[in-house]
Amino acid sequence: MEVFFMRKKLMSAALILALSLSMAAPAFAAEQLSEIETAGAYLRERGVYQGDGSGDLMLDKGLTRAEMAAILTRLHGEGEVNPNIYTWACYFTDVPDWAKPYVGYCTANLLVAGYDASRYGPNDPVTPAMACTVVLRCCGYDAGEGSEWAYATACNYAADLGFISRSTAQASVITRGEMAVLIYHALRQNEDVFLPPVVTVPSPGAYQSAPGGGVVISQDSWSREDYSQKANPSVFTG
């Protein structure tokens, strides 16, 4: 009889625990959803996130590397970019026309890198490591890269700062909503964070032939790729 009552008590305790967990799970999910929606609204207000034709931010959808470049450009450049300038700066051959200004901007400002000299992988999904790396760079946390954090440790570094949850950091890919939360926390932790100066990439019209076969550059600055591809080394001495 005593054994019967002991089993009954154990079963009751297990039932109570199960009910508690089932009630806690929706509450946790709702809290996560609220944070994602808050982050999405915050970034929409600042022009960083843009929705589809109906205004849906698609926060539950996956994020591609091309979309990531567009988000970073609006975040770092504080708005849209001039496609006549930065399209030319995108030297990857696999990037669609709509994404070339964004990938060009991010490449010129050293925010992203391709797989090699010609492949960027615009349709590839963004991993948490990619997302944390580019957001830390974009928001001015690159001073310690290589000592405090690197690509392999970017997720842990961002999680320690409270920018991303441990579960998101361990996922295989990141959603648009999770990227929004990451950016939201990175910006809110330091509203006055220093953003590196924008690199202005000259358009092809900035180059003019000079007597003797040299090249005259009419812009004040240019990217490393621009310099290596267009400049004539014999013109620059000393």
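The values are calculated or read from the model by the stated rules, or taken from the named source; none is laboratory data. Quantities reported herein were computed from a predicted structural model and do not represent experimental measurements. Every residue, glycine among them, receives a Cβ derived from its backbone with ideal geometry; neighbour counts consider all protein chains shown. Keep in mind that these areas ignore ligands, DNA and RNA; they rest on the heavy atoms of the full protein, side chains included. Shrake-Rupley method; radii C 1.70, N 1.55, O 1.52, S 1.80 Å.
Structure notes:
- Taking label points 7 Å from Cα along the Cα-to-Cβ direction, Ala117 and Asn84 give a separation of 3.1 nm.
- Shape class for the stretch 57-97, computed from the alpha carbon gyration tensor (a ≥ b ≥ c): oblate, with a/c not under 1.5 and a/b at or below b/c.
- Given a 1.4 Å probe and the protein chains as shown, Asp56 ends up with an accessible area of around 80 Å².
- The residues Thr87, Thr133, sorted by heavy-atom accessible surface at 1.4 Å with ligands and nucleic acids left out, run Thr87, Thr133 from largest to smallest.
- Each of Met58 and Trp98 was given a label point 7 Å from its Cα along the Cα-to-Cβ line. The distance between the two points is 0.8 nm.
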